[in-house]
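As structure tokens, the structure follows; a few thoughts come after it.
What follows draws every value from the coordinates through simple rules; no lab data is involved. Note that the coordinates shown come from a computational prediction; the quantities given were computed from them, not determined experimentally. Note: ideal-geometry Cβ built from the backbone for every residue, glycine included; neighbour counts use all protein chains shown.
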Amino acid sequence: MYLKKMEIVGFKSFADRTKVEFDQGVTAIVGPNGSGKSNIVEALRWVLGEQSAKSLRGGKMPDVIFSGTEKRHAMNYAQVTAYFDNADHYLASSKDNEDVIISRQLYRNGDAEFRLNGKKCRLRDIHDLFLDTGLGRDSLSIISQGRIEAVFNSKAEDRRAIFEEAAGVLKFKSRRNETESK
Ligand code: ATP
Ligand code: MG
């Protein structure tokens with residue numbers, strides 16, 4: 001399974017419909033400061049179900065919608081669509097089709113929807129789909145700029161917890177603690 005394409009419209013600095021295609025292997029996105037590199041990564045976290053506006057560098061969720069520039073009006077909605085190649089059926093969705101397409105849309109008035117392969121779905125369905133795949137909303141596979149510094153500057157015990165979480169040990173540790181406290 002791999003992310004092969006994203007389509008972004010009205011999300012942060014992307015007023016025009018923008019397609020970003022990824023090949024298998026490593027992709028590097030380069031560009032001047034403020035050109036929207038982090039916004040692309042945030043668009044991915046958002047479509048995967050991120051619920052914290054703060055972690056997307058906003059105060060409230062509609063802050064992700066293109067807010068206009070001197071030359072261009074603000075937009076009324078943001079929409080991000082992510083296309084995953086699922087030919088290996090790593091994601092337990094779509095028995096027949098080889099792609100998994102998820103999308104999220106948010107209007108300024110608060111109307112919002114998620115879609116899975118074109119059909120309206122719940123946020124829960126998106127969570128379930130990516131649970132334990134290493135790619136979900138809270139996973140460590142997406143590490144933002146500030147987070148790297150936080151890892152370097154954290155205390156040794158906290159840093160250890162981050163590695164344990166990444167290695168999948170934390171959930172067993174917390175279960176053991178639960179059992180021992182019974
Ligand atoms: P750096 O190299 O400094 O990390 P970057 O390429 O990661 O830069 P981003 O942080 O992705 O840049 O983009 C920041 C730009 O996005 C800023 O110019 C900011 O004004 C713009 N931006 C953020 N939110 C919105 C929004 N809702 N509407 C319009 N523009 C926005
Ligand atoms: Mg950045």
I'd like the projected area of region 143-182, averaged over all directions, using the convex hull of its alpha carbons. Report it in nm² with one decimal. 3.2 nm²
Give me the net charge of G10's neighbourhood, meaning all other residues with Cβ under 12 Å from the Cβ of G10; Lys, Arg count +1, Asp, Glu -1. +3
With a point put 7 Å past each Cα toward its Cβ, work out how far D132 is from Y90 in nm, to one decimal. 1.6 nm
Give the relative contact order (percent, whole number) for region 24-182; include only Cα pairs under 8 Å separated by 6+ residues. 16 percent
Mind putting a number on the dipole of the chain about its Cα centre? Charges go on the C-beta only, +1 for Lys and Arg and -1 for Asp and Glu, and I need it in Debye to the nearest 20. 520 debye
Most packed first (mean Cβ within 10 Å per residue), the peptides 149-159, 10-20, 53-63, 101-111 order as 10-20, 101-111, 53-63, 149-159
Taking placed amide H atoms and a strict 5 Å upper bound, the residues 5 or more places from K4 or on another chain that come that close are Y83, F84, D85
Beyond 19 Å, the calculated P(r) of region 78-177 holds a percent of Cα-Cα pairs equal to 57 percent
Scan region 1-94 for GluC sites (Glu not before Pro) in coil per DSSP, keeping those whose Cβ has at most 14 other Cβ atoms within 10 Å, and list them by number. E70
Positive end of the charge dipole of region 143-182 (Lys, Arg +1 and Asp, Glu -1 on Cβ, about the Cα centre): tell me which of A156, G146, V169 has its Cα farthest that way. V169
Which of the three applies to region 86-139, rounded, prolate or oblate, going by the alpha-carbon gyration tensor with a ≥ b ≥ c and a/c under 1.5 meaning rounded? oblate
Within-12-Å neighbourhood charge of I162 [Cβ basis; K, R +1; D, E -1]: 0
What does the convex hull of the Cα atoms of region 2-135 come to per residue, in Å³, rounded to a whole number? 119 Å³
D158 to K119: FRET efficiency via 1/(1 + (r/R0)^6), r the Cβ-Cβ distance, R0 45 Å, to the nearest 0.05? 0.65
Taking 29 Å as the cut-off for C-alpha to C-alpha distance, list the pairs among K5/K120; K119/K173; K60/K182; K71/K119; K19/K71; K54/K182 that go past it. K119/K173; K60/K182; K71/K119; K54/K182
